[in-house]
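Taking it in order: structure first as structure tokens, then the write-up.
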Amino acid sequence: MLKVKDAKELGVGLADKTVGLVFEVAGTVVGNERLKDAGRDRQDAGTERLRAVEEDVKATRRRAGAKIAESRQKANQPAGKRSSGRSFFEEDNAFEATAEKAKGAAKKGFATATGNEQMKEEAEAQQDKATEQVQAAKHEARSELHERRADQARESSERERRSS
């Protein structure tokens, strides 16, 4: 789902690509290489901004998948023995999600050995949640990388445009 911030960034990305194209065309028409380069940099900034939005949307989708898996996990825990562990929203890094996945694998092994199907379902949901969390963290990191690249390209475009 597209958040308000993502919609704004989408608009900024499209605007950067459009402005960049105008600069590039103007630079080509008047024979100004710096203006043309500024336009290309601005288009690159727009592309990176759009990639950041795409990665952010993927991360949001993965977090939703993790929340669903967490609900499945809790549904398979005995009512009196539900874990009071950390909430999904507090687990914000890949390391903690990987640890959660390992706990799920150990739990699944124990459940298989003891023939406890409910615990096995809980463990599988726990592993699914951890997988989604790891993927969400990866997409968030990629989004941040694209945002930094977009900022750098835009700054480069501004420097080129000012010096032309």
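The values are calculated or read from the model by the stated rules, or taken from the named source; none is laboratory data. Not measured: the values here are computed from a predicted model. Glycine gets a Cβ as well: all are built from the backbone with ideal geometry, and neighbour counts include every protein chain shown. Side chains are part of the model used for accessible areas, which takes the heavy atoms of the whole protein and leaves out ligands, DNA and RNA. Shrake-Rupley method; radii C 1.70, N 1.55, O 1.52, S 1.80 Å.
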Handout entry: Within segment 134-164, considering residues that are over 18 Å from A52 (Cα atoms) and assigned to a helix (DSSP H, G or I), the one most open to solvent (accessible area, probe 1.4 Å)
Key = R162
Handout entry: Among (1) under 15 Å from D151 (Cα atoms); (2) free of Cβ contacts under 8 Å to residues at least 12 places away in the same chain; (3) hydrophobic (A, V, I, L, M, F, W, C), the one test that A7 misses
Key = (1)
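Quick grid of which residues meet (1) part of a helix (DSSP H, G or I); (2) closer than 30 Å to Q118 by Cα; (3) open to solvent by 30 Å² or more (accessible area, probe 1.4 Å):
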| position | (1), (2), (3) |
| --- | --- |
| K5 | yes, no, yes |
| T18 | yes, no, yes |
| A45 | yes, no, no |
| L50 | yes, no, yes |
| I68 | yes, yes, yes |
| Q73 | yes, yes, no |
Problem - Any pair with Cβ under 6 angstrom, 6 or more apart, that starts in segment 17-39 at a residue that is free of Cβ contacts under 8 Å to residues at least 24 places away in the same chain and ends at one that is open to solvent by 60 Å² or more (accessible area, probe 1.4 Å) - result: E24/R40; K36/T28
